[in-house]
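The values are calculated or read from the model by the stated rules, or taken from the named source; none is laboratory data. Just so you know, these numbers come straight off a predicted model, no measurement behind them. FYI the Cβ positions are ideal-geometry reconstructions off the backbone, even for glycines, and counts take in every protein chain you see. When the accessible area is computed, the model is the full protein with side chains, heavy atoms only, and any ligands, DNA or RNA have been set aside. Shrake-Rupley method; radii C 1.70, N 1.55, O 1.52, S 1.80 Å.
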Amino acid sequence: MTEPYMEVLPAVSPQQSSFDLLIAQAIDKNVSVESLERLLAIREKLNAEHAKRQFNIAMTNFQASCPIIEKKKAGALTNTGMVTSRYAPLDSIIAQTKELIKQHGFNYAIDTEPDPKGVHVYVIIRHTEGHEETKHVFMPFVERTKVMTDSHVEMATMTIATRRCFCNAFGIMTGEQDQDGFTNKEKDLNITQAQINTINDFLSQ
């Protein structure tokens, strides 16, 4: 069921139009530079408030129409190789949301910053009305496996942090908490003998 969209304000509000007229009249009457600067500062503040309100309305509409992203990629594994969780990769999330993002007037940029203890990721969301917001996520380095180099650790951490920051910035839901960023100790879950017997019984049937 499609959620009703909030009303989108016109590009120029009546208050902005009235204020622009006021400034034009002030220029015609040769008001002082100080007075004109105060008027321009007020107009700038008014424009910023209008842009932020448009941003919030567009974000509300986007979140109302954005589906819960389906997780298809295997994540954490037990020490026997069984999949314990699944997650949605960033490219899959973007593929399922990029048209909605564009439809509601957004564009974005992703920036990263190295840290001795992990990775900083920033997602800058801009709206066509001029307002922008930045979301930040810091993630400590994932636990290194025997086959991972320093570059592999940094890249894996950056991938997980970017996905998390992107979802946080747009309020995108992917269902239950994923576990692809958990440590290997957390991934190597033990299976009891009783569980093994149950699985064997099921397979034999």
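A few comments on the model shown:
- Residue match in region 128-137 (condition: part of a helix (DSSP H, G or I) and closer than 29 Å to Thr60 by Cβ): no
- Where a residue in region 100-129 is more than 22 Å from Thr159 (Cβ to Cβ) and its partner, wherever it lies, is part of a helix (DSSP H, G or I) and of a type in the set (Ser, Thr, Tyr), with Cβ under 9 Å and at least six apart: Leu100/Ser65; Gln103/Ser65; His104/Ser65
- Pairs where the first residue, in region 32-54, is over 13 Å from Asp20 (Cα atoms) and the second is among the hydroxyl-bearing types (Ser, Thr, Tyr) and outside any helix (DSSP H, G or I), C-beta under 6 Å, 6+ apart: His50/Ser13
- Residue count, region 80-106 (criterion: farther than 20 Å from Cys165 by Cα, surrounded by 14 or more Cβ atoms within 10 Å (Cβ to Cβ) and either modelled with pLDDT of 90 or more or acidic (Asp, Glu) (or both)): 0
- Subset of region 33-79 that is open to solvent by 50 Å² or more (accessible area, probe 1.4 Å) and polar (S, T, N, Q) - its residue that is modelled with the lowest pLDDT: Asn79
- The lone exception for Ile110 - which of (1) in a strand (DSSP E or B); (2) among the aliphatic types (A, V, I, L, M); (3) touching a helix residue (DSSP H, G or I) at 6+ places or on another chain (Cβ under 7 Å); (4) open to solvent by less than 60 Å² (accessible area, probe 1.4 Å) it fails: (4)
- Of the residues making up region 113-127, those that are over 26 Å from Ile68 (Cβ atoms) and open to solvent by 80 Å² or more (accessible area, probe 1.4 Å) are Glu113, Pro114, Pro116, Lys117.
- Here region 156-181 is the region considered, the condition is being open to solvent by less than 50 Å² (accessible area, probe 1.4 Å), among the β-branched types (Val, Ile, Thr) and assigned to a helix (DSSP H, G or I), and the residue that is modelled with the highest pLDDT is Thr162.
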